[in-house]
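The values are calculated or read from the model by the stated rules, or taken from the named source; none is laboratory data. Model, not experiment: these values are computed from the prediction. Neighbour counts are summed over all protein chains in view; Cβ atoms, including those assigned to glycine, are modelled from backbone coordinates with ideal geometry. Ligands, DNA and RNA are excluded from the accessible area calculation, which covers all protein heavy atoms including side chains. Shrake-Rupley method; radii C 1.70, N 1.55, O 1.52, S 1.80 Å.
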Amino acid sequence: FFDPRGMLNRRVAFTQAPQHYPEHSDKYDYLDNNNAQFFRLNAMIRDCCGGVSSCGTNGMWQMPDRDNVETLWTHRLKRVRDRDGKRRTQVIEREQFHTSCKIEDTASSLDRVLVGEYSHFVNRKLSFGMSKDPEGFLGAQQRWVEGAITLCLQWVTNHADAHGQAKKNQPLLWMVIVGFIAYVFSLCRMVTVEYTSSILVQLGILNSDFFDSMIRIPLHAPIHWIYSVLMDVRGGHSPNSYSYKVYEDMTLQFVVFMMTCVFVFFLLWVLTNVCKVFKSCCMFPWEMKWWGRLVISFDNLTYWVWFWTSFFWIGFNIYLAVSPAQFHFNNVGMMTFMVVATFLNYALIVTNSMRFSIMESVDANEIAFLSMDNIWRANQLFFMVGPIQGFSVFTGTRNFLYYLMYGQDIGGWAGGDLTQVSIMIVKYWTSMIIVTSCLCWIYLFASHPTADEYQSRRPGCIIFSFIAMDVLHPCVYLWTLGNNLSNEEVSKMHFSAKICSTRWWKKFWSDMLLNECTTNIFRYVAPVYNFMLPILVFYNSYFGVSAGFTLVAVVQAIETEGAVAWWRSCHRSRKDVAAAAADHET
C-alpha cells in the first residue's frame with residue numbers, strides 16, 4: 001500500500017495473498033481445494049499489470065476515510081416499481097463492498113478497476129486457514145459461476161449495483177467487449193473469406209495503393225523464397241498439392257491479418273499515451289496496464305461462456321474413437337505445432353514460478369510454489385466442472401431475473417444445498433467418462449475394423465483413456481465419501497459378506513486408488529503424455545487433431561493465429577479429402 005518513499009498509495013485498492021490450508025496437502029487435494037494453479041501461476045501473471053481480483057479470503061483492502069462525508073446514508077433508486085408503477089428513491093447505508101451477487105469480491109474488484117485503481121499479489125503464506133470439506137469446493141465452484149453470470153448480466157443490462165465514478169466509467173467495459181467481438185469476427189472472416197487486403201483498406205482507413213506498395217508487394221519475394229525452400233525439403237509438388245498462388249495467398253492473408261492487429265494495437269497505445277497528458281480531467285485509460293486490468297475483469301465476467309469446451313473435447317474424442325477419421329493433413333506440421341504449444345505451456349509455468357519465487361524469497365522464508373500436483377489437479381478440474389458450469393448458467397440466469405423483476409436479494413446462498421447438487425453432478429459425470437472410455441475400447445475391437453480404420457480410431461481411444469485417468473481420482477473420492485469402515489471390521493467379515501457389502505467395495509477402491517503410490521504414478525502420467533504427444537503424432541498422424549487441440553484446451557490457452565491458419569488450409573482442402581486420403585502421404 002506504500003510507494004518507495006513510504007507514502008500511502010491511494011491507487012492500490014487491495015492486496016491478495018494465496019489461500020493455504022495445511023490440512024489439504026497438494027498430493028491429497030483431490031478436488032483442488034487450494035485452487036493452487038490460480039494462486040501460484042495465474043495470479044502471478046495477472047499481477048504484472050495489477051489485475052489480480054480479490055478472492056475474499058486473504059485479501060486486505062484499503063478503506064478510504066469518511067472525513068469528507070457528512071452522513072453514512074445515501075439515496076438510491078429502487079430496483080423495482082411500487083404498486084402505482086413508479087420507481088422511488090430509498091435511503092440506504094453507503095457501501096464499500098457489493099452485496100448484489102454471490103461474488104461480492106469480484107464485483108468490488110471490478111469497481112476499483114473501472115476507476116483506475118489496481119491491486120498487488122503477495123506470493124507468501126501469510127495466513128493459515130481452516131477450510132471447508134474438500135467436496136464443499138464443488139459447491140463454491142457453482143456459486144462462483146452463478147455469481148459471474150449474475151454480475152455479467154447486471155453490467156450488460158445497466159442494472160449493476162455500482163455507484164460513483166465506477167458507474168460513469170461503464171463504457172470502458174463496453175469498449176473491451178466490443179473489441180473482443182471484433183477480434184472474434186476478424187478470425188472468422190480470415191477463416192471463411194478469401195482476401196489479400198486489410199480490412200482497414202476496405203473500411204477506407206488506409207489507401208489501397210499505399211497498402212500495396214508498402215506491404216503486399218514487398219511480401220511477395222520472401223514468401224516465394226520460403227515456399228521454394230519448403231518445396232526443396234519436401235521434394236517437389238505431390239499430385240494433390242495446390243499451385244503456388246494458393247499458398248502465397250494463404251500466407252499473405254495471415255501476415256496481413258497479423259499486421260492489421262499490430263497496427264490497431266499501436267493506435268490504441270498512441271491514444272492511451274495521449275490521454276496520459278489529460279489524466280487529471282479524462283477518465284479514459286492512460287496506461288496500457290489499465291487496459292490489461294479491464295481485459296482481466298472481462299474474463300472474470302465471461303469465463304462461464306466457455307463451459308461447453310470440456311463437453312466438446314470429450315465428445316470429439318468419443319467420435320474419433322467410434323468413427324473412422326474423415327480428415328487428412330501433414331503430420332510434420334501438426335507435430336511442430338504441438339511441440340511449440342507444449343514448450344510455451346511449460347516455459348510459461350517454469351519461468352513465472354521461478355521469477356516470483358526468487359522475488360518473494362528475498363523478503364520471506366516461506367512462499368507458495370507451483371508443483372506437479374497443482375498442474376495435474378488443474379487438468380482434472382477442467383474436465384470435471386463443465387457440467388457444474390453448464391447447470392449454473394441456468395440457475396444464475398434465473399437468479400438475475402428474480403433480482404431484476406422482483407428486487408430479490410440474491411447475494412446469499414445455502415452452501416450445503418449447492419454442495420450436494422454439485423457432488424451429484426460431478427459423481428455421475430466423471431463415472432460416465434470412465435465407463436465410456438472402457439466402452440470405446442470394447443467397441444473398437446468388437447467392430448472388427450480394417451487396418452486403416454484401426455489406425456485412425458485407436459488414437460481417439462488412447463486420448464480419451466488419458467482423460468478418464470485424469471478424472472479417476474475425483475470420481476473415486478466422491479463415491480467413497482463418508483465411508484467409515486475400519487480395518488477391524490473388515491478383518492471380521494467373511495468373503496461373501498465383503499462381496500455383498502457396499503461399504504467394503506468403497507473401502508477397497510479407496511485403498512486401491514487413493515494412496516500415495518497410485519497418486520505418484522498418475523500425477524506424472526499427464527506431463528509425460530504431453531511431452532510424448534508430438535512423437536505419437538509423427539508415428540500416427542491421426543493423433544494430431546484430437547491430441548493437439550485437447551492439449552490447447554487443457555492448458556486453457558488462447559487459440560493462436562497459427563492454428564487458425566492451419567485450420568484454414570484444412571477448410572480449403574475439404575473438397576480434395578478423398579484424393580488426399582487415396583494418396584495418403586504421411
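Quick look at the numbers
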item: HN-Hα J in Hz across region 102-107 - Karplus 6.51, -1.76, 1.60, θ = phi - 60°, x for Gly and Pro; result: 7, 10, 4, 5, 5, 4
item: For F121, distant residues with modelled amide H under 5 Å away; result: Q16
item: W429, W73, W225, ranked by accessible area, largest first (probe 1.4 Å); result: W225, W73, W429
item: Gain on full stretching of the segment that runs from V332 to Y406 - 0.36 nm per residue minus C-alpha separation; result: 20.7 nm
item: Inter-probe distance in nm under a simple model that places probes 7 Å from Cα toward Cβ, at E516 and D299; result: 3.6
item: Accessible area in square angstrom per residue, region 121-215, 1.4 angstrom probe; result: 49
item: 3J(HN,Hα) from dihedral phi, region 334-343, Karplus parametrisation 6.51/-1.76/1.60, rounded to Hz, x for glycine, proline; result: 5, 4, 4, 4, 5, 4, 5, 4, 5, 5
item: From the C-alpha gyration tensor of region 250-336, square roots of 5λ in Å; result: 41, 22, 8
item: For region 475-488, 3J(HN,Hα) per residue [Karplus equation, 6.51 cos²θ - 1.76 cosθ + 1.60, θ = phi - 60°, Hz, x = Gly/Pro]; result: 4, 5, 4, 6, 6, 9, 5, x, 6, 10, 6, 8, 5, 5
item: With all protein chains modelled, accessible area of T251 [1.4 Å, Å²]; result: 60
